[in-house]
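Heads up, the thing below is written out as structure tokens.
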Amino acid sequence: DQQVKQNSPSLSVQEGRISILNCDYTNSMFDYFLWYKKYPAEGPTFLISISSIKDKNEDGRFTVFLNKSAKHLSLHIVPSQPGDSAVYFCAASSTGNQFYFGTGTSLTVIP
Amino acid sequence: EPEVTQTPSHQVTQMGQEVILRCVPISNHLYFYWYRQILGQKVEFLVSFYNNEISEKSEIFDDQFSVERPDGSNFTLKIRSTKLEDSAMYFCASSEWTVGETQYFGPGTRLLVL
């Protein structure tokens, strides 16, 4: 099951710079997309969502971009802070119930 | 801020034994979910539950699994006869509505089957 892919297992960014996390999907029926942040031994924490009727959604330092034709979404964090260091998962769904998760990208923000 | 809670945080069991994982979803939420994450692998959907019925389930959710909302607050996942490969982190989640609504996750129960 490779419906959602995060091809970069890790990313390091200097504090204050932009972090860009990428996610690709294969199922053209996906209409709902979520980004989660996860610390070790904790459950995923919701960050931001987007549905297919939009191509951008912004919440504070977090912006998600959706390119449906390319089946690609990205999460931008600006400015990045050391507390942002975590594993980031994208998840996608066609029904809004069953979400398919990517394998995650481990972000390290260097002070 | 309301949150999803799960008990126990860790469970160790012998192969073939039954386990029940418990969750208390956020109180005004109507949809409930179970996911699991095997060590080093993706978070995988197991089942969604609404109005006392399973609304969607994955291939993983076979006859060994069942879910129940025994009262107004708890949501449980039962594994009837555990296998070694059931060892994973199990996450409960809930959402207020459905169709793309954000699912809020609990901290998880780490299940180890020996």
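Derivation of every value follows stated rules applied to the coordinates shown; laboratory data play no part. Being a predicted model, the structure only gives us computed values, none of them experimental. Quick reminder, even Gly has a Cβ in these numbers, built from the backbone with ideal geometry, and neighbours come from all protein chains shown.
Among B:4, B:84, B:31, which residue has its Cα positioned farthest towards the positive end of the charge dipole of chain B, with +1 placed on the Cβ of Lys and Arg, -1 on the Cβ of Asp and Glu, and the dipole taken about the Cα centre?
About the Cα centre, the residue reaching furthest to the positive side is B:84.
Shielding by partners for B:69-79, please: the mean number of other protein chain Cβ atoms within 10 Å of each residue's Cβ.
The shielding value for this peptide is 0.
For a Förster distance of 30 Å, can you work out the FRET efficiency between the beta-carbons of residue B:38 and residue B:96, rounded to the nearest 0.05?
Working from the Cβ atoms, E equals 0.55.
At q = 0.16, 0.20, 0.21 Å⁻¹, what base-10 log of I(q)/I(0) does the Debye formula yield for chain A when every alpha carbon is treated as an equal point scatterer in vacuo?
-0.65, -1.02, -1.12
For chain A, give the share of DSSP beta bridges that are antiparallel, in percent and rounded to the nearest 5; count only bridges with both residues there.
Once the DSSP bridges in chain A are tallied, antiparallel ones form about 90 percent.
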